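Participant: Dropping the structure in here first, questions after.
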Amino acid sequence: MSDKVNLKIDNIAVSIKNGSTILEAAEKINVRIPTLCYHEDLCVAGNCRICVVEQTGSDRLLPACAMPVSEGMEIHTNSMKVRNARKQIVELLVSEHRADCTRCYKNGKCELQELSSEYIVGENGFIDLVAHKGYTIDNFSPSIIKDDSKCIRCQRCVRTCDQLQSISALTVAHKGESMKVSSFFDKPMFEVVCTNCGQCVNRCPTGALTEKTYLDEVWTALNSETKHTVVQTAPAVRIALGEALGMPVGEIVTGKMVSALRRLGFSSVLDTDFTADLTIIEEGNELLHRLKKVVKDKDTTVRLPLTTSCSPGWVKFIEHAFPEYLPNVSTAKSPQQMFGALAKTFYANKLKVDPENMVSISIMPCTAKKYEADRPEMRSSGFKDVDYVLTTRELALMIKQAGIDFASLPDDEYDSIMGESSGAAVIFGATGGVMEAALRTAYEVVTGREVPFEGLNITPVRGMDYIREATIKIENVLPEWDFLEGVELKTCVAHGLSNAKKVMEAVRDGKANYHFIEIMACPGGCLGGGGQPIPTSPAIRKKRSEAIYHEDELKPIRKSHENPEVIHLYEEFLKEPLGEVSHKLLHTHYTERNRY
Amino acid sequence: MKKNLQRLDLIFKNEHDTEAILRKTLDRSHDEVINDLISSGLKGRGGAGFPTGLKWKLAAEAQAEQKYVICNADEGEPGTFKDREILSSVPHKVLTGMAVCANIIGSTKGFIYLRSEYKFLKPQLLSVIDEFHKLLEVLNINFKVDIFMGSGAYICGEESALFESMEGKRGEPRNKPPFPTDFGYMGEPTVINNVETLAHTYSILKYGADKFKDLGIQDSRGSKVFSVSGDTPNPGIYELEFGMSLQKFVDDFGDGDSKAVQVGGASGFCVPRKKFVKTVIGYQGKLRGTSLPTGGSMMIFNSSRSMYNVLHNYLDFFVEESCGQCTPCRVGTQQLLLGIQAVKKGEQPSSYLDKLLVLAEAMRVTSKCGLGQSVANSFSSIVENFKEEMIY
Ligand SMILES: Cc1cc2nc3c(=O)[nH]c(=O)nc-3n(C[C@H](O)[C@H](O)[C@H](O)COP(=O)(O)O)c2cc1C
Ligand code: SF4
Ligand code: SF4
Ligand code: SF4
Ligand code: SF4
Ligand code: FES
């Protein structure tokens, strides 16, 4: 059999690989077929039926997303029969939907809304089922709001949570008219295994799953006479914010973002990248410390592999799924929380601002960071270390609300003493970035030489492969690290929790003996975080990733331990890595959680 | 050629030739047996009416280490209980059909997916299977049959939802293609046949394809077991030849006042009195006016019945039994039900029924599986034929 199939779509001939779907074939010739349940990142469900097309000679319509092409097929995507059917389906979805767009967070960004604007439903729709049945909204989680009355049951979220994250916090319950997306025993999201990663939010076509917003709280703080607002921006925000403000994917907007934050009225505009560098110092030293205990002192109470701890979705996942491995998780806080703890101590002291009057706000690519900031451990400054977490999307909304023409803003610079960062910090935003940053520093600490990779680019840990392994041989070490001479440092990088699960199972089953594992809960790392602009796709994440590595190359400083502000912070305040102050402010502990 | 309504005694005939049939079949080539089945004209008795010989042929041609034979005994259609009767009185016929199928397609593992309400049949079935396994051992046939208890949901009778439920997942129909003969239970090539279909293969293997083909009419060969209910003095199950007119059927089974017959249960068609003569019972084929018998339910309504209530009951059933995954079926069924209620109560004009007919047609052409696709059958045939009863 030939591996190409020839068919006609709307009388246009197209030849495509055998096994492709009608949807893929149509895409190839720029015929757009509407979709709802289909998502590039997920397996095909074929349940919304909006993508139906007509095949000559076939009575029933075919779902373009699920139907493989066959030789000689004649497909019509815009016949009367197709249009009528699609209109019926849109009408049905709207009838099942609490369509109060003007009050909806997704207004203007909603796939159902877009479809219904094409297939005008009008006044003579079907009977309103929401009015008939009533609804509930789950807004107990600090990260995610689930509004069943906005759900069109496309199951994108269910597939996301299962296939990408292997968590299945969201599943389908009941059948027929009662069928709905539900959690374990229909408990609120914050009581179940949900990691708050927000990947479902990123893929929900409607307003049924959204982040919990803290815009009002932040505006109030900004407008308060007495409050000093400190804002930090995560590495992955600067390469994605532009998307939400009409700029091309992969545009780096660091300088404009800083300008915009000043215009919005933040008192101090600082950078999470600064504490990303700090994380590398603390976590890198923790790794070396553990290696010393294990390799030299033969201390059996110290655990390897060490895993990263900067992704709060990952942290909550391991607390639920592999609690026996909590001692393996680095005690270093995430950069967001390190920043929060320092803001209300070191920084407040410097500025002579009463920490009580300081409001610490972070802009994150992430919904899990909202939950992280709420954890009871995260109050080491004596106050809530991070008061409010906004997603990239929420910041974009603030900028719009403020009437700022983002694209025309001039570039601006972060404020100092917690605003400087290295290229190593920037790449925190991409899967493999923390590993690369840690290796750049740890290798140099141990050998006195730079990592043996051209231009400091540790390419084996880069890329989008789900699980990547790399081994680095440590040679010609400095005398105090002689026990590491000749050791092959085994590392592993995984992104997406389903891959994290595979890695942890391999570790548990003794099939892998890594020293250091980097895990990011979201596909692609933070650049694909649950708080990033919607939509997301492999191509979009690739562009964001390229932007991140480009930004790294542009940085004059590429290694965390060379960040002058970090060096200064140790000299003046922290004294030494893993020291007493660090222990109090920058490290944390974890809690075993239920499995459902 | 005219035929009189005939009650047959083929399926339930008390005969025990399993060993002879298996020995005979082992001696013949697989192609011969398949061709026999194809020329017999046997079509599936479980729903879609797919030619059984062709199904086996496709599975035989599929390349795989492991293949499966599954007997669909989920029998969830309200008012049908013929599979239960077959399994309790002639289970060896069904097992014989499964073993022959396994032999032809190259399978060593079979399952009977038994409706959860039929749990009481399990012990006696297990002992028949035990005996059967001993016979297969003697004949050197490597094939084992297990019973899998159903989940209780009507949709799990749909073949791909049935596989999902056997695999421990939620019973939701899959996209097709791929079809079960390529990608069935556990993603392996699978033949899934209805209980009655398998029992018919026994007769064909014993009496030959021609004897079977002699019965019935062009597109619909052989006999069929019907579950007769409703306004009839003689409810029960009957084996009848295909090709009878509905008039003959009503003459025989009706109470003299029949105004409609629902052929094929909730997912079948409602035939009004004026169409009794023209309607021939068989698969939906080239003959105009024929009806799909699906599970073989024949429900007779006399003039005291409200067709609105009849339709209401069917829609209640669908609203609840839809798996809920696809838009047209999940929402459409609810809209049809609320819609006829609203018209009845005068909250919507009678023209709203026309809107619902358009909806039903859209459900037919866009739904993912047979359930949603067939709601229009009963809906449209009842609404179109008994419009006044819907309004007043
Ligand atoms: C909603 C639905 C329910 C079904 N229930 C049954 C059933 O209970 N028993 C059955 O044999 N087939 C049932 N079917 C048909 C099966 O999907 C399948 O076509 C059949 O088992 C194939 O066997 P056959 O070729 O012998 O008819 C159902 C189909 C649908 C769409
Ligand atoms: S989810 Fe979409 S369609 Fe629904 S109310 Fe919100 S914007 Fe409107
Ligand atoms: S936030 Fe993440 S873990 Fe929680 S339901 Fe969504 S996808 Fe699943
Ligand atoms: S919550 Fe969103 S993604 Fe999930 S089924 Fe509903 S509409 Fe789809
Ligand atoms: S047609 Fe109905 S039963 Fe079939 S898949 Fe769709 S919702 Fe489920
Ligand atoms: S997009 Fe094809 S069925 Fe939903």
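The values are calculated or read from the model by the stated rules, or taken from the named source; none is laboratory data. Predicted model only: the values in this text are computed from it and were never measured. Cβ sites come from the backbone with ideal geometry, for glycine too, and all protein chains shown count toward neighbours. Each accessible area value is taken on the protein alone, full model and side chains, heavy atoms only, with ligands, DNA and RNA left out. Shrake-Rupley method; radii C 1.70, N 1.55, O 1.52, S 1.80 Å.
Participant: If you count, for every residue in B:333-343, the Cβ atoms of partner chains within 10 Å of its Cβ, what is the mean?
Facilitator: Mean number of neighbouring Cβ atoms from other chains: 3.
Participant: For segment B:216-302, give the percent of accessible area contributed by carbon and sulfur heavy atoms, probe 1.4 Å, rounded to a whole number.
Facilitator: 50 percent
Participant: I would also like to ask the following. Quick one: compute the contact order of chain A, relative version, from alpha carbon pairs under 8 angstrom and 6+ residues apart, as a percent.
Facilitator: Across chain A, relative contact order equals 16 percent.
Participant: Shifting gears a bit: Please work out the C-alpha center-to-center distance from segment B:169-209 to segment A:445-509 and express it in whole Å.
Facilitator: With segment B:169-209 and segment A:445-509 each reduced to a Cα centre, they are spaced 52 Å.
Participant: OK, next. Convert each backbone phi in segment B:178-187 into a coupling constant with the Karplus relation 6.51 cos²θ - 1.76 cosθ + 1.60 (shift: θ = phi - 60°), then list the ³J(HN,Hα) values in order as whole Hz, x for Gly and Pro.
Facilitator: x, 8, x, 5, 9, 9, x, 4, 6, x
Participant: Right, here's the next one. Using a 1.4 Å probe on the protein heavy atoms, what percent of the accessible area of segment B:307-391 belongs to carbon and sulfur?
Facilitator: That fraction is 49 percent.
Participant: Then there's this: Could you please state how large a percent of the accessible area of chain A is carbon and sulfur, counting protein chains only and using a 1.4 Å probe?
Facilitator: Here it works out to 50 percent.
Participant: How charged is the neighbourhood of residue A:459? Take every other residue with its Cβ under 14 Å from the Cβ of residue A:459, and add Lys/Arg as +1 and Asp/Glu as -1.
Facilitator: -4
Participant: Per residue, what accessible area does the protein assembly as shown have, given a 1.4 Å probe and all protein chains present, in Å²?
Facilitator: 38 Å²
Participant: Can you figure out the FRET efficiency of residue A:589 with residue A:537, using R₀ = 56 Å and their beta-carbon distance, to the nearest 0.05?
Facilitator: Calculated transfer efficiency: 0.90.
Participant: Going by average Cβ neighbours within 10 Å, how do the peptides A:97-103, A:58-64 rank, with the highest at the top?
Facilitator: Highest mean packing first, the order is A:58-64, A:97-103.
Participant: Provide the gained length on full extension for the span residue A:44 to residue A:573, in nm with one decimal, where the gain is 0.36 nm per separating residue minus the Cα-Cα distance.
Facilitator: 185.0 nm
Participant: Here's a follow-up. How do A:15, B:40 rank by accessible surface area computed with a 1.4 Å probe, from largest to smallest?
Facilitator: Ranking A:15, B:40 by accessible area, largest first, yields A:15, B:40.
Participant: Here's something else I'd like to know. Identify the GluC sites (Glu not before Pro) of segment B:326-392 meeting these criteria: DSSP loop state and at most 15 other C-beta atoms within 10 Å of the C-beta.
Facilitator: B:347
Participant: Charges at C-beta only: +1 for Lys and Arg, -1 for Asp and Glu. How large is the resulting dipole of segment A:472-545 about its Cα centre, in Debye rounded to 20?
Facilitator: 740 debye
Participant: Hey, another quick one. Per residue of B:174-180, what is the mean number of Cβ atoms on other protein chains within 10 angstrom of that residue's Cβ?
Facilitator: Mean partner-chain Cβ count within 10 Å for B:174-180: 3.
Participant: Compare the peptides A:362-369, A:17-24 by average per-residue count of other Cβ atoms within 10 angstrom and give them in order, highest first.
Facilitator: Highest-to-lowest ranking by the protection proxy: A:362-369, A:17-24.
Participant: Cα axis of helix A:254-264 to longest principal axis of chain A: angle in degrees, 0 to 90, nearest 10?
Facilitator: Tilt of helix A:254-264: around 90 degrees.
Participant: If each residue of separation counts as 0.36 nm, what is the full-extension length gain between residue A:133 and residue A:469 once their alpha-carbon separation is subtracted?
Facilitator: Additional length available on full extension: 115.8 nm.
Participant: In segment A:214-318, which trypsin sites (Lys or Arg not before Pro) are in a loop and have at most 14 other Cβ atoms within 10 Å, using DSSP for the loop call?
Facilitator: A:298
Participant: Any idea how far apart residue A:8 and residue B:31 come out in nm if each label point goes 7 Å out from Cα toward Cβ?
Facilitator: 3.7 nm
Participant: For segment B:362-378, in order, what is each residue's ³J(HN,Hα) by Karplus, 6.51 cos²θ - 1.76 cosθ + 1.60 with θ = phi - 60°, in whole Hz (x at glycine and Pro)?
Facilitator: Rounded to whole hertz, the list is 5, 4, 4, 8, 10, 5, 6, 9, x, 5, x, 5, 9, 4, 4, 4, 6.
Participant: Something else about it: I need to check one value: relative contact order of segment A:92-211, counting alpha carbon pairs closer than 8 Å and at least 6 residues apart, in percent.
Facilitator: Relative contact order of segment A:92-211: 31 percent.
Participant: What is the sum of charges, Lys and Arg at +1 and Asp and Glu at -1, for the other residues whose Cβ falls under 10 Å from the Cβ of residue A:104?
Facilitator: +3
Participant: What do you get for the angle between helix A:538-554 and the principal long axis of chain A? Use alpha-carbon atoms, 0 to 90 degrees, nearest ten.
Facilitator: The angle comes out at about 30 degrees.
Participant: Further question: Using the Cα atoms of the protein assembly as shown to build a convex hull, what is its mean projected area in square nanometres?
Facilitator: Computed as one quarter of the Cα hull surface, the answer is 45.5 nm².
Participant: For chain A, what does the helix formula give at 222 nm: sum of -39500 (n - 2.57) over DSSP H segments with n ≥ 4, over the residue count, nearest 500 deg cm²/dmol?
Facilitator: One gets -9000 deg cm²/dmol as the mean residue ellipticity at 222 nm.
Participant: What distance in nm separates the two pseudo spin-label positions at residue A:187 and residue A:326, each 7 Å out from Cα along the beta-carbon direction?
Facilitator: The modelled label-to-label distance comes out at 1.6 nm.
Participant: Is chain B rounded, prolate or oblate when judged by the Cα gyration tensor, a ≥ b ≥ c being the square roots of its eigenvalues, rounded requiring a/c under 1.5 and prolate requiring a/b larger than b/c?
Facilitator: Prolate shape, in that a/c is at least 1.5 and a/b is the bigger ratio.
Participant: For every other residue with a beta carbon closer than 15 angstrom to the beta carbon of residue B:209, add +1 if it is Lys or Arg and -1 if Asp or Glu, then tell me the sum.
Facilitator: +3
Participant: Take each of the peptides A:381-387, B:274-280, average the number of other beta-carbon atoms within 10 Å over its residues, and list them starting from the highest.
Facilitator: Per-residue Cβ counts within 10 Å, averaged per peptide and sorted highest first, yield A:381-387, B:274-280.
Participant: As a test, work out the antiparallel percent of DSSP beta bridges whose residues both lie in chain A, rounded to the nearest 5.
Facilitator: 55 percent
Participant: Still on this structure, I have one more. Please list 3J(HN,Hα) in residue order for segment B:139-154, calculated via the Karplus relation 6.51 cos²θ - 1.76 cosθ + 1.60 where θ = phi - 60°; whole Hz, with x for glycine and proline.
Facilitator: Values per residue, Gly and Pro as x: 7, 6, 9, 8, 7, 10, 10, 10, 9, 10, 7, x, 8, x, 9, 4 Hz.
Participant: Okay, next question. Suppose every Lys and Arg Cβ carries +1 and every Asp and Glu Cβ carries -1, with no other charges. What dipole size does the protein assembly as shown come out with about its Cα centre, to the nearest 20 debye?
Facilitator: It works out to roughly 2680 debye.
Participant: Using only Cα atoms, tell me the angle between helix A:80-95 and the longest principal axis of chain A; keep it within 0 to 90° and round to the nearest 10.
Facilitator: It is inclined by approximately 60 degrees.
Participant: May I ask which residue of A:207, A:477, A:166 lies farthest towards the positive end of the charge dipole of the protein assembly as shown, with charges of +1 (Lys, Arg) and -1 (Asp, Glu) on Cβ and the Cα centre as origin?
Facilitator: A:207
Participant: Please average, across the residues of A:170-178, the number of beta carbons from any other chain that are within 10 Å of each residue's own beta carbon, and give a whole number.
Facilitator: For this peptide, the per-residue mean of nearby foreign Cβ atoms is 6.
Participant: Okay, next question. Estimate the FRET efficiency between residue A:550 and residue B:119 by the formula 1/(1 + (r/R0)^6), using the beta-carbon distance for r and 60 Å for R0, to the nearest 0.05.
Facilitator: Calculated value: 0.35.
Participant: What is the interface area between chains A and B, defined as buried accessible area summed over both chains with a 1.4 Å probe, reported in Å² to the nearest 100?
Facilitator: 3000 Å²
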